[in-house]
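Structure first, commentary second.
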Amino acid sequence: MGLPIVAVVGRPNVGKSTLVNRIVQDDEAIVHEMRGVTRDRSYHKAEWCGHLFTLVDTGGIEANKDDVFQSPIRAQAFMAADEADAIIFIVDGRTGVTADDVDVARILKKSPHPVFLVVNKMDNPADDSALWDFYSLGLGDPIALSAIHGHGTGDLLDEIVAVLPVGEDEPDDPGIVNVAIIGRPNAGKSSLTNRLLGRERSIVSDVAGTTRDAIDSLVEHEGRQYRLIDTAGIRRKSAIDEDVEYYGYVRALRAIDRANVALLMVDASIGLTDQDQRVAALAKDRGCAMLVLLNKWDLLTDQQQRDDVRDRIEDRLGFVGYAPVLLISALTGRSVGRIWDTIDTVFESYGKRITTSKLNDLLTEMRDFGHTAVHGSHRLKIHYGTQTDSRPPEFTFFANYPDMADDNFQRYMENRLRETFGFEGTPLRIRFRKKD
């Protein structure tokens, strides 16, 4: 079995993400004074006294009918509580019991799982007078805690691990394909995630910037496991006005760093933008294999408009011209099934290895063809080459004058490697070194 799960729930701004970061000893969860920073539920591995468990951070629960996100946030939070082995219900010791606290407590009292009522922001351990108010919630003895200072955290964790079932950590299987879904805000990333998973894993909204944390979901398709990472929409740093969105940007970059394959979502109804180019460059620079998904293709009814989008893709994404382009609709499901096979294809290219003998056969053909770089009386001669890495594939060529291998010659080498060995969907790293 996997690790036991502990869900952290409560209304906004009571310190849920601060406590999560305190327990996992990292800054994985976004913390900000603004209400509603956490929206989707996010998962974090934690450990206490040798006990491993998964901690789930959730969005703040409140009865705010004016907030378009509140209904799905509530649903996400209670879904986390349903799947948990234990629940941490956080309240604010400074404000006392609120109507939202009473509402959440009423629902949690029906849960078959242990519920730990935590009164946060109790920064003075000697003063526990604020605790008495929370007995009215009917969830047993409240636990005083200061997430920001750490007071009471150890006692809370002692009680939690005492009731958790024994679980085993599931090692990171190298056969799992890590897939990051990236792109500008409102391109349809969460809709695609839910379509691929077949369930409402991420909150889907037409408001740009809905997803702020990177979210992992494991899914099996035709015998192979994939880890889908739905990320916050990436914008130019200069266009990021809120600190929160900046932190989401950082987490999106982290998601790309640990992905094997990046699905670049482009809103076809808007067309390719400068931001799309920058996102593609980020994934290429970090060595991800890539697919380009033209989403909302069904909204383009004019053939000229479709041709213009295709031409723009070919022209402005030429630096990742190796990436396959699929025309999809995450909303209707059009061509979404083709994504799985294409992920498998580019992942195979991403991990492909070429034997040294085959690589040097190619070099022999190139020498016979006669194309090389010449500078004055010097002529570039490549003696031999070898593949030095994969994921992404990396090649090192030993030459007499490696500095003569300029950008044009490196592009020529890359094109010949792709023509000969394929490498669809993956970047190639090519280096030239002086032969000893």
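For the reader, a short list of remarks on this structure follows.
- For beta carbons closer than 6 Å, sequence separation of 6+ or different chains, a first residue in region 257-286 that is farther than 30 Å from Gln303 by Cβ and at pLDDT below 85 and a second that is open to solvent by less than 10 Å² (accessible area, probe 1.4 Å) and not hydrophobic (A, V, I, L, M, F, W, C), there are no qualifying pairs.
- Filtered residues of region 12-55 (kept if crowded, with 17+ Cβ neighbours inside 10 Å, modelled with pLDDT of 85 or more and among the charged types (D, E, K, R)): Lys16, Arg22
- Test: Val102 is in a strand (DSSP E or B) and either in contact (Cβ under 8 Å) with a residue 60 or more places away in the chain or not basic (Lys, Arg) (or both): no
- Filtered by the rule that a residue be within 22 Å of Leu291 (Cβ to Cβ) and of a type in the set (Val, Ile, Thr), region 409-436 gives a lone residue, Thr426.
- Test: residue in region 333-349 that is more than 26 Å from the chain's Cα centre (by Cα) and within 23 Å of Glu424 (Cα to Cα): no
- Asp276 vs. criteria in a helix (DSSP H, G or I) and open to solvent by less than 60 Å² (accessible area, probe 1.4 Å): yes
- Residue in region 289-301 that is farther than 21 Å from Lys352 by Cβ, open to solvent by 50 Å² or more (accessible area, probe 1.4 Å), modelled with pLDDT under 90 and among the β-branched types (Val, Ile, Thr) present: yes
- Hey, Thr420 of a type in the set (Val, Ile, Thr), surrounded by fewer than 17 Cβ atoms within 10 Å (Cβ to Cβ) and in a strand (DSSP E or B) or not: no
- Filtered residue count, region 300-332, keeping only those that are assigned to a helix (DSSP H, G or I) and either among the aromatic types (Phe, Trp, Tyr) or on the phi > 0 side of the Ramachandran plot (or both): 1
- All positions within region 117-137 that are small (Gly, Ala, Ser) and open to solvent by 50 Å² or more (accessible area, probe 1.4 Å): Ala126, Ser129, Ser136
- Any hit, region 209-222, residues being buried (at least 21 other Cβ atoms within 10 Å of the Cβ), at pLDDT 65 or above, at negative phi and in contact with a strand residue (DSSP E or B) (Cβ under 6 Å, 6 or more places away or on another chain): no
- Some residue of region 130-144 being modelled with pLDDT of 90 or more and closer than 15 Å to Lys16 by Cβ: yes
- Total residues in region 149-206, condition at pLDDT below 85, farther than 26 Å from Thr345 by Cβ and among the hydrophobic types (A, V, I, L, M, F, W, C): 3
- Qualifying positions in region 108-143 - in contact with a strand residue (DSSP E or B) (Cβ under 6 Å, 6 or more places away or on another chain), assigned to a loop (DSSP other than H, G, I, E, B) and farther than 17 Å from Arg94 by Cβ: His113, Pro114, Leu139
- Of all the residues in region 333-375, those that are out of contact with any helix residue (DSSP H, G or I) (no Cβ under 9 Å at 6 or more places or on another chain), farther than 21 Å from Arg391 by Cα and in a loop (DSSP other than H, G, I, E, B) number 2.
- Hey, Ala232 buried (at least 24 other Cβ atoms within 10 Å of the Cβ) and either assigned to a helix (DSSP H, G or I) or at pLDDT 85 or above (or both) or not: no
- Residue ID - most open to solvent (accessible area, probe 1.4 Å), chosen from residues in region 330-382 that are hydroxyl-bearing (Ser, Thr, Tyr) and in contact with a Phe, Trp or Tyr (Cβ under 9 Å, 6 or more places away or on another chain): Thr356
The values are calculated or read from the model by the stated rules, or taken from the named source; none is laboratory data. Predicted model, so just to flag it, every value in this text is computed and none were measured. Cβ sites come from the backbone with ideal geometry, for glycine too, and all protein chains shown count toward neighbours. Side chains included, ligands, DNA and RNA excluded: accessible areas come from the protein's heavy atoms. Shrake-Rupley method; radii C 1.70, N 1.55, O 1.52, S 1.80 Å.
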